[in-house]
Number of protein chains: 2
Amino acid sequence: MSDRTLCVIGLGLIGGSLLRAADGAGWKVRGTATSAADVTAASDAGFDVTSSIEDVLRAAAHDDALVTLAVPLPAVTDVLPVVARHAPHCRLTDVVSVKQPVAAAVARHAPLARYVGGHPMAGTSASGWAAGSATLFTGAPWMVSTDDGADPMVWAQVARLALDCGAHVVPAGAEDHDAAVARVSHLPHVLAAVLASVGADGGPLAMALGAGSFTDGTRVAASRPELVRAMCEGNRDALLAAVDDALGRLGAARGSLASTGGLDATIRAGHLARQAFDAARNAGRGDAVHIDAVHIDTVHIDTVHIDLTTPNALAQLRKIAQSGGHVVALDTTHCHVAR
Amino acid sequence: MSDRTLCVIGLGLIGGSLLRAADGAGWKVRGTATSAADVTAASDAGFDVTSSIEDVLRAAAHDDALVTLAVPLPAVTDVLPVVARHAPHCRLTDVVSVKQPVAAAVARHAPLARYVGGHPMAGTSASGWAAGSATLFTGAPWMVSTDDGADPMVWAQVARLALDCGAHVVPAGAEDHDAAVARVSHLPHVLAAVLASVGADGGPLAMALGAGSFTDGTRVAASRPELVRAMCEGNRDALLAAVDDALGRLGAARGSLASTGGLDATIRAGHLARQAFDAARNAGRGDAVHIDAVHIDTVHIDTVHIDLTTPNALAQLRKIAQSGGHVVALDTTHCHVAR
């Protein structure tokens with residue numbers, strides 16, 4: 001049974017956490033990394049890892065493991081030709097923070113791979129194997145891409161991996177995902193950088209007076225700059241739209257403060273938006289789904305059950321993601337579905 | 001000995017925490033609030049509180065308590081005339097987040113009070129007595145105003161209160177303070193509001209995908225809007241300068257992303273700024289000062305000892321704050337200083 005065999009390429013914060021979490025959930029896991037330190041540390045922790053990407057890919061091809069790219073976006077185009085050479089037909093996913101560029105790279109460099117993109121929305125400002133944790137994904141949203149053309153059975157296996165790691169699955173399309181994360185993941189990094197710089201412009205006294213709001217608002221500016229750049233620059237068009245929205249809103253706040261002295265509209269809109277976010281998060285946490293379906297290919301979203309063997313299943317899932325829904329369970333009681 | 005007698009006006013998050021922290025440090029504390037719920041809760045917790053501001057002020061006048069205004073900025077001008085009526089000559093401080101407007105209001109409404117402004121840089125997005133804690137100020141910067149004309153002995157008593165509450169004292173001038181907090185406290189609130197709104201503009205999918213960077217970046221948008229408005233609008237000129245700096249930097253990022261596709265300058269500058277902030281915080285935490293002076297009026301800043309009885313003591317302190325220094329100890333071994 002190869003369904004739960006995982007091959008992780010890259011053992012940094014996300015890849016290393018994935019290796020630990022999947023192992024903890026009973027998957028057979030293997031991994032590789034270019035960082036000798038990460039390979040040694042993972043090996044010392046008892047994991048089956050190697051510095052040879054060729055070796056793990058050949059093994060993955062042999063037992064049809066789910067290959068997961070856990071490298072920064074700029075390294076994806078280096079790794080994919082190796083995948084195409086040693087495991088051309090593999091089941092393939094990734095954990096990169098933008099989805100359209102990865103999908104395009106897969107189409108170009110590893111066109112035979114059965115690819116379904118993914119993106120766990122979890123992380124810290126630390127990086128590397130040592131920063132990882134088996135519980136990093138607990139309670140986190142994990143986007144699993146529902147673009148047309150994906151193999152629904154591979155989709156279900158990637159979703160299974162995410163659920164097994166403690167995440168809930170957001171079944172979005174790549175374009176929708178990239179537009180959304182520009183707003184809630186990439187723009188926060190740009191604003192954190194701007195805020196940190198404006199604070200530092202205030203000199204030593206400003207640094208001495210920085211407290212909770214500044215600490216939180218600049219937290220992600222502590223992340224490794226090259227990783228932040230890779231994800232922001234890799235989502236250029238969507239990020240431009242988000243930055244323009246922010247510039248418009250900040251400019252409006254500036255105008256209001258300068259003219260009337262008031263910030264009511266800005267502060268009130270932000271407060272309502274944050275309340276909406278809290279409500280969405282709490283709804284996500286509170287979902288309890290009774291699993292009563294009998295097919296491995298049945299997805300449960302609240303009370304909606306979707307049969308992955310129907311032609312428009314992925315489109316249905318995409319639509320549910322657009323309206324804020326997510327998958328909380330995949331039935332695995334029976335495996336008698338034929339496609 | 002009235003030196004450590006405290007009268008707190010307002011028992012919300014900050015005032016309520018101050019009452020608890022000072023009590024824990026051995027001060028004799030009394031308080032009042034307009035919120036009946038806060039008065040009842042504080043009373044039930046065993047504190048000497050009353051809904052009558054007149055009563056506590058008369059008592060403060062009688063035993064020369066240090067009166068502390070812990071009300072939002074818009075309420076300061078309501079409270080000060082009552083102070084002037086019932087305790088006109090009191091030792092007076094406050095915990096309001098802007099200092100020049102409070103100083104101006106005191107000069108106008110309670111000109112005989114011996115006022116030294118203060119601002120503990122601590123808080124949460126919650127509010128009210130119930131949200132308070134005796135440890136809220138532990139490790140926090142607490143600005144104690146060193147403007148010319150202040151009574152150095154009252155300054156020392158306010159600084160003593162801050163130190164007793166576990167904070168370290170930043171001896172800044174009001175104008176310097178207001179310019180700095182516009183950058184590290186008020187701008188973070190404006191950017192959090194903008195970020196929350198831009199995220200919500202992305203619809204339910206964006207809300208579903210929001211994770212750590214969005215949660216942290218919008219945390220303070222959960223604060224009560226009227227409190228955020230009061231502090232931001234009360235620091236209008238300094239905040240305008242900070243917003244303009246942010247607009248300039250965000251516009252530059254936008255231009256770079258649109259033209260070259262790169263965000264190197266923005267991300268790198270933000271990362272360096274955040275590192276500078278971390279270094280400043282760690283330096284603050286790590287300070288260890290050997291207290292060897294013998295006068296109550298000797299302030300220790302790292303290895304600098306300042307005699308508060310010298311004419312330029314406050315100006316010296318202001319200069320030290322400008323360069324990022326803070327007070328970690330006030331000598332209290334002997335009290336034989338004459339002024």
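The values are calculated or read from the model by the stated rules, or taken from the named source; none is laboratory data. The shown structure was predicted, so the numbers you read here are calculated from the model rather than taken from an experiment. For neighbour counting, all protein chains shown are included, and Cβ atoms are generated from backbone atoms with ideal geometry for every residue, glycine included. In case anyone asks, the SASA skips ligands and DNA or RNA and just uses the protein heavy atoms, side chains included. Shrake-Rupley method; radii C 1.70, N 1.55, O 1.52, S 1.80 Å.
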statement: (1) touching a residue at least 12 places away in the same chain (Cβ under 8 Å); (2) at positive phi all hold for B:Gly261 apart from (1)
statement: Checked B:Ala230, B:Ala200 against criteria (in a helix (DSSP H, G or I) and touching a residue at least 24 places away in the same chain (Cβ under 8 Å)); the one match is B:Ala230
query: Does at least one position in the stretch B:29-51 carry a residue that is without any contact (Cβ under 8 Å) to a residue 40 or more places away in the chain, open to solvent by less than 20 Å² (accessible area, probe 1.4 Å), farther than 22 Å from B:Ala126 by Cα and β-branched (Val, Ile, Thr)?
result: yes
field: Scan of the stretch B:227-250 for residues that are open to solvent by 30 Å² or more (accessible area, probe 1.4 Å) and at pLDDT 95 or above, ordered by number
entry: B:Arg229, B:Glu233, B:Arg236, B:Asp237, B:Ala241, B:Asp244, B:Asp245, B:Leu247, B:Gly248, B:Arg249
- request: Name, by its number, the condition in (1) touching a residue at least 12 places away in the same chain (Cβ under 8 Å); (2) under 13 Å from the mean Cα position of the chain (by Cα); (3) farther than 28 Å from B:Arg281 by Cβ that does not hold for A:Ala180.
  value: (1)
statement: Every listed condition ((1) modelled with pLDDT of 95 or more; (2) surrounded by 24 or more Cβ atoms within 10 Å (Cβ to Cβ); (3) not polar (S, T, N, Q)) holds for A:Trp155 save (1)
message: Taking the conditions exactly as written (at the interface with chain A (Cβ under 7 Å from one of its Cβ atoms) and farther than 24 Å from A:Gly255 by Cα), does B:Ala258 satisfy them or not?
response: yes
message: Would you confirm, using the coordinates I've provided, whether B:Val169 is surrounded by 24 or more Cβ atoms within 10 Å (Cβ to Cβ) and either within 24 Å of B:Asp244 (Cβ to Cβ) or facing chain A (nearest Cβ under 7 Å) (or both)?
response: no
field: Only one of A:His295, A:His305, A:His336, A:His290 that is at pLDDT 65 or above and of a type outside the set (S, T, N, Q)
entry: A:His305
field: Check on B:Gly132, under 18 Å from B:Gly12 (Cβ atoms), crowded, with 24+ Cβ neighbours inside 10 Å and among the small types (Gly, Ala, Ser)
entry: yes
message: Would you confirm, using the coordinates I've provided, whether B:Asp264 is closer than 19 Å to B:Ala182 by Cβ, modelled with pLDDT of 95 or more and acidic (Asp, Glu)?
response: no
- prompt: Among the residues of the stretch A:179-197, is any surrounded by fewer than 24 Cβ atoms within 10 Å (Cβ to Cβ), more than 14 Å from chain B (Cβ to nearest Cβ) and either not in a helix (DSSP H, G or I) or not charged (D, E, K, R) (or both)?
  reply: no
message: Can you find a residue that is closer than 27 Å to A:Asp94 by Cα and of a type in the set (A, V, I, L, M) anywhere in the stretch A:201-221?
response: yes
